[in-house]
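The values are calculated or read from the model by the stated rules, or taken from the named source; none is laboratory data. These figures come from a predicted structure and were not determined experimentally. Backbone-built Cβ (ideal geometry, glycine too); neighbour counts: all protein chains shown.
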Amino acid sequence: MDVSLVTPQRPVVVIGAAFGDVMLEVNALPHSGDDISALPLGQQIGGCAFNVARALSRLGIVPVNGIPAGNGSWGKQVTAAMEKENLPVLLRHPSHDNGWCLALVEESKERTFITIEGCEQHWSEELLAQIPVPDNALIYVSGYELVSPESAPLRNWLLAQSADKTLFADFGPRLRDIDPDFIEKLLAKKPLLTVNRDELAQLNPQGGKQSEIQTDDAQAFADSYGLPLIARFDKEGAVVCQPGQLPVRIPAYAVPVADTIAAGDSHCAGVLAGLACGQPLTDAVQTGNAVAAIVVSRPGSDGAPTRAELSEFLHHHP
């Protein structure tokens, strides 16, 4: 099934951050006290939730935009970027600007982020009340926004969602900083989880280290909590684990890699797009693999494809 040819059947709500990405290319990360040179790779608006929302919008699936625009210079750039992507600005933060991050891209294409946090970490009941949540919605949330003490209203808001909603959680690299008690409460709501190999190891510290063993670990976690889980293994593809079923490996598409900025976010967007269009989870993950492949073949976080570009890619990569 080609997601670009299907009418969306479920609404998508995207909660989280938009902030500035300032990108530099370095040969290797500096050590303490080093003085190194870097090549500028540009400046743009990114952030996990914005990357997801932008990718969905380009695929013709305009989500409910639960991403705040701040009250400063970055907020103005965020607003302009949202308007460019046909994302209505629903949330205006009254007291904080958007954050920004410095992305260091090494010769290996690995990236490292240094983040200056902003309004995405300061949630309130009043702000969240402005987000319309349709029945049967898919609700995306990133772990970056679940760490701060000021994010308690957001955590409570997620736990209060009714059973007809599907929570789609991408904990990301801040997983170790999220309150374990909250994680247990969230898992009790049977969200759809997406994790990479490092995050899987954190969720299951007693598991193995090889991808074959990690697949078993991922399935055991899904069975234990009774929830669906997507385990992303980079160029090895992704594994779909559903309770009581055998894990299904979805191969990655072979493409030249410019960098891996927004790789995980674009995969989330592709999966959400597939689910919104009625694809079963395994097909939706294949759509996620395709969107991510296109994004990593382009530099920076702004490489999300249009419907036509996704269709062309899938035509040439059956």
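Summary table below
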{"read-out": "Any hit, the range 74-87, residues being assigned to a loop (DSSP other than H, G, I, E, B), of a type in the set (Val, Ile, Thr) and closer than 28 Å to residue 161 by Cα", "value": "no"}
{"read-out": "Residue selected from the range 21-52 under the condition of a type in the set (Gly, Ala, Ser) and closer than 12 Å to residue 262 by Cα, by the criterion surrounded by the most Cβ atoms within 10 Å (Cβ to Cβ)", "value": "47"}
{"read-out": "Considering residues of the range 166-183 that are in a strand (DSSP E or B) and within 9 Å of the chain's Cα centre (by Cα) only, the residue surrounded by the most Cβ atoms within 10 Å (Cβ to Cβ)", "value": "170"}
{"read-out": "From the options 217, 265, residue that is under 25 Å from residue 52 (Cβ atoms), touching a helix residue (DSSP H, G or I) at 6+ places or on another chain (Cβ under 9 Å) and part of a helix (DSSP H, G or I)", "value": "265"}
{"read-out": "Residue among 117, 125, 150, 145 that alone is touching a Ser or Thr at 6+ places or on another chain (Cβ under 9 Å), surrounded by fewer than 17 Cβ atoms within 10 Å (Cβ to Cβ) and acidic (Asp, Glu)", "value": "150"}
{"read-out": "Unmet criterion (only one of (1) out of contact with any strand residue (DSSP E or B) (no Cβ under 9 Å at 6 or more places or on another chain); (2) within 16 Å of residue 231 (Cβ to Cβ); (3) at pLDDT 95 or above) for residue 212", "value": "(3)"}
{"read-out": "Cβ pairs under 7 Å, 6+ apart, first in the range 109-126 and at negative phi, second among the hydroxyl-bearing types (Ser, Thr, Tyr) and in a helix (DSSP H, G or I)", "value": "121/151; 123/151"}
{"read-out": "Tally of residues being assigned to a helix (DSSP H, G or I) and either among the charged types (D, E, K, R) or modelled with pLDDT of 95 or more (or both) across the range 122-148", "value": "7"}
{"read-out": "Residue in the range 99-115 that is outside any strand (DSSP E or B) and over 30 Å from residue 256 (Cα atoms) present", "value": "yes"}
{"read-out": "Odd one out for residue 92 among (1) under 18 Å from the mean Cα position of the chain (by Cα); (2) over 30 Å from residue 37 (Cα atoms)", "value": "(1)"}
{"read-out": "Matching option when the condition is under 19 Å from residue 131 (Cα atoms), of a type outside the set (Val, Ile, Thr), in a loop (DSSP other than H, G, I, E, B) and without any contact (Cβ under 8 Å) to a residue 40 or more places away in the chain, among 95, 37, 32", "value": "95"}
{"read-out": "Residue list for the range 5-23, restricted to those being at pLDDT below 95 and part of a strand (DSSP E or B)", "value": "19, 20, 21, 22, 23"}
{"read-out": "Residue in the range 258-266 that is farther than 25 Å from residue 108 by Cα, at pLDDT 95 or above and within 16 Å of the chain's Cα centre (by Cα) present", "value": "no"}
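Conditions tested, residue by residue: (1) surrounded by fewer than 17 Cβ atoms within 10 Å (Cβ to Cβ); (2) assigned to a helix (DSSP H, G or I); (3) basic (Lys, Arg); (4) under 16 Å from the mean Cα position of the chain (by Cα).
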| position | (1), (2), (3), (4) |
| --- | --- |
| 162 | yes, no, no, no |
| 186 | no, yes, no, no |
| 190 | yes, no, yes, no |
| 200 | no, yes, no, yes |
| 221 | no, yes, no, no |
| 246 | yes, no, no, no |
| 252 | no, no, no, no |
